[in-house]
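Everything on this sheet refers to the single structure shown next.
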Amino acid sequence: MPRNRDREKRAIVRRDGSACFYCGRPRRNPLVMSIEHLVPRAAGGASQLENLRLADTLCNKFAGRRPVADKLELRAKWHMAEGL
Ligand SMILES: [Zn+2]
């Protein structure tokens, strides 16, 4: 069921800024990004702000349901690849 997540997205932007969590590319309109659950909901991850990040839909999809440690490794690699 689609739901308006803009409120949550804005809260994440206030905390983290408007760049993709994975590749670090800044987005002029961060609301087009999707909400990433660092610990997936399927693995018991909370829908609370501390578990949420904003990421490009594609980056988010690619990261999929990897464990958090793998996601952080991906993030580090992609930030390096982008020279960020
Ligand atoms: Zn990205």
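Projected area of the chain, taken from the Cα convex hull and averaged over every viewing direction, in nm²?
Dividing the Cα hull surface by four gives the mean projection, 5.4 nm².
Less than 15 Å apart at the alpha-carbon level, and either on another chain or at least 8 residues along: which aspartates and glutamates does that give for LYS71?
Of all the aspartates and glutamates, those that pass the test against LYS71 - Cα under 15 Å, at least 8 places apart if same chain - are GLU36, ASP56.
For an R0 of 35 angstrom, estimate the FRET efficiency from the Cβ-Cβ distance between ARG15 and ALA42 and round to the nearest 0.05.
With a Förster radius of 35 Å, E is 0.90.
Can you list residues whose amide H is under 5 Å from LEU54's amide H, if they're 5+ apart or on another chain and H is modeled 1.01 Å from N?
Counting only residues 5 or more places away or on other chains, the set is PHE21, GLU36.
Just order 12-23, 39-50 by mean Cβ neighbour count inside 10 Å, highest at the front, would you?
Result, highest mean first: 12-23, 39-50.
Per-residue HN-Hα couplings for the range 55-60, Karplus 6.51 cos²θ - 1.76 cosθ + 1.60 at θ = phi - 60°, whole Hz, x for Gly and Pro?
9, 4, 4, 5, 4, 4
Excluding residues fewer than 8 places away in the same chain, name every one of the aspartates and glutamates whose C-alpha is closer than 14 Å to that of LYS77.
Answer for LYS77, where 14 Å is the Cα cut-off: none of the aspartates and glutamates qualify.
Apply the Karplus parameterisation 6.51 cos²θ - 1.76 cosθ + 1.60, with θ equal to phi minus 60°, to every residue of the range 39-47 and state each ³J(HN,Hα) to the nearest whole Hz, in sequence, with x for glycine and proline.
Running phi through 6.51 cos²θ - 1.76 cosθ + 1.60 with θ = phi - 60° gives 8, x, 4, 4, 9, x, x, 7, 8 Hz.
Let me have the relative contact order for the chain, percent, based on Cα pairs under 8 Å that are six or more residues apart.
Relative contact order for the chain comes out at 32 percent.
Coordinate-derived values only; no laboratory data. Nothing here was measured: the structure is a model prediction, and the numbers come from that model. All Cβ positions, glycine included, derive from the backbone under ideal geometry; neighbour counts span all protein chains shown.
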